[in-house]
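See structure below.
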C-alpha cells in the first residue's frame with residue numbers, strides 16, 4: 001500500500017491523539033503506535049505525513065488514548081495506539097453466493113481528479129476465502145477561490161491489498 005510517486009503529500013495522514021503527534025511531520029512515529037491487522041506499520045515518508053493507505057480497505061479503526069496502551073503494545077505508545085483492521089472477502093460476499101466483484105469510479109472537478117477502485121472476493125471453500133483489492137487515485141493541483149492553484153496538491157497513488165482468510169473448525 002505504498003504510493004507510486006513521491007508527490008503524494010495530499011493523501012498521506014499524520015496522527016494526533018490528545019495533542020501528541022503532529023500534522024507537519026512524521027514525528028509521531030516514536031509516540032503513537034499504528035498497527036494494521038496486528039502488525040506494526042512503519043512510517044514511509046518524512047515530512048509528508050506518516051501513513052499512506054486507502055481508507056476503502058478498512059472495516060474498523062480503534063484508537064486507544066494515552067500511555068497506558070504501552071502495557072498492551074510495548075514502549076513507544078506515549079500518545080496511544082491506532083489499530084486498523086482490513087476488510088475480509090466475507091465483508092463483500094452476500095449469503096448464498098461464493099464470490100463478489102465491485103468496480104468503483106469517481107471524478108472530482110476541482111483538480112481534475114479520478115479514482116478507479118476494484119475488488120474481487122472469492123470463497124474457495126467453507127474454510128478459506130481470498131480478497132484482492134486495488135485503487136488508483138490521481139489529481140492535478142486544486143484551484144483556489146482567488147483563481148490560483150494550491151501548489152503541491154497534485155498526486156498519483158496506487159494501493160492494493162491481497163488477503164486470504166483461513167478458518168479452522170472442529
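Values as computed for the structure displayed
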{"quantity": "Peptides ranked, highest mean first, by Cβ atoms within 10 Å: ranges 127-136, 86-95", "calculated": "127-136, 86-95"}
{"quantity": "Residue order, fewest to most beta carbons within 10 Å, for 123, 169", "calculated": "169, 123"}
{"quantity": "Rounded FRET efficiency, nearest 0.05, which uses the C-beta distance separating residue 169 from residue 94 and R0 of 25 Å", "calculated": "0.70"}
{"quantity": "Computed label-point distance, nm, for sites residue 125 and residue 71 using a 7 Å Cα→Cβ extension", "calculated": "4.3 nm"}
{"quantity": "Convex hull of segment 88-170 built on C-alpha atoms - directionally averaged projected area, nm²", "calculated": "7.0 nm²"}
{"quantity": "Order by protection proxy (mean Cβ within 10 Å, highest first), peptides 113-120, 152-159, 138-145", "calculated": "152-159, 113-120, 138-145"}
{"quantity": "Modelled FRET efficiency - R0 30 Å, residue 108 with residue 58, Cβ distances, 0.05 increments", "calculated": "0.90"}
{"quantity": "Label-point gap, in nm, between residue 146 and residue 35 - each point 7 angstrom along Cα→Cβ", "calculated": "4.6 nm"}
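Computed from the coordinates by the stated procedures, all read-outs in this text should not be read as laboratory data. These numbers were taken from a predicted model, which means no experiment stands behind them. Note: ideal-geometry Cβ built from the backbone for every residue, glycine included; neighbour counts use all protein chains shown.
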